[in-house]
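First up is the structure itself, then whatever we jot down about it.
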Amino acid sequence: MAVIENLRDLEKFAALVAEMNGPELIGQHLVLRGAENALRAASHLVPFGAARQVIGEMLQNVRDSMAIVESAASASAVQLVTVE
């Protein structure tokens with residue numbers, strides 16, 4: 001079963017990302033984009049309430065994580081897969 005969870009320590013995640021090579025950065029970015037899409041879709045399916053708030057928090061966490069990966073990729077001159 002796939003699990004998406006909030007990262008409790010984005011600084012620790014950033015340190016791990018800093019050690020990733022190009023293919024690892026691309027893979028991590030793709031995984032996060034998939035999680036973002038899943039959470040965005042879930043937010044429209046879940047009724048208002050606590051569950052929707054948790055999904056919103058998770059979506060923000062995924063977006064924060066993506067920003068870390070995108071920054072590391074840019075600093076390493078790694079071109080990520082983009083959708084236009």
* From ALA75, ALA38, residue being within 16 Å of the chain's Cα centre (by Cα) and not aromatic (Phe, Trp, Tyr) -> ALA38
* **Every pair of residues 6+ apart whose Cβ atoms lie under 6 Å, when the first sits in the stretch 53-71 and is without any contact (Cβ under 8 Å) to a residue 40 or more places away in the chain and closer than 18 Å to ALA42 by Cα while the second is part of a helix (DSSP H, G or I) and not hydrophobic (A, V, I, L, M, F, W, C)** => ILE55/SER43
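Quick check on this structure: which one of ALA73, ALA77 is outside any helix (DSSP H, G or I), small (Gly, Ala, Ser) and either in contact with a His (Cβ under 9 Å, 6 or more places away or on another chain) or open to solvent by 60 Å² or more (accessible area, probe 1.4 Å) (or both)? Walk me through it before giving the result.
Details: ALA73 fails: outside any helix (DSSP H, G or I).
Only one candidate passes the filter, namely ALA77.
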* To do: Determine if the stretch 54-65 includes at least one residue that is in a helix (DSSP H, G or I), more than 13 Å from the chain's Cα centre (by Cα) and exposed (fewer than 10 other Cβ atoms within 10 Å of the Cβ).
  => no
* Structure fact -> Counting only residues that are open to solvent by 80 Å² or more (accessible area, probe 1.4 Å) and modelled with pLDDT of 90 or more, the stretch 31-53 contains a total of 3
* **From VAL46, VAL69, VAL78, residue being among the β-branched types (Val, Ile, Thr) and farther than 15 Å from ASN21 by Cα** => VAL46
* Return yes or no: is ALA15 part of a loop (DSSP other than H, G, I, E, B), of a type in the set (A, V, I, L, M) and loosely packed, with under 13 Cβ neighbours inside 10 Å? => no
* Can you name every residue in the stretch 45-65 that is in contact with a Ser or Thr (Cβ under 8 Å, 6 or more places away or on another chain) and of a type in the set (A, V, I, L, M)? -> ILE55, LEU59
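The values are calculated or read from the model by the stated rules, or taken from the named source; none is laboratory data. Bear in mind the structure is a predicted one, so any value in this text is a computation, not a measurement. Note that each Cβ is placed from the backbone with ideal geometry, even for glycine, and that neighbours are counted across all protein chains shown. The protein model used for the area step is the full one, side chains on, heavy atoms only, and it has no ligands, DNA or RNA in it. Shrake-Rupley method; radii C 1.70, N 1.55, O 1.52, S 1.80 Å.
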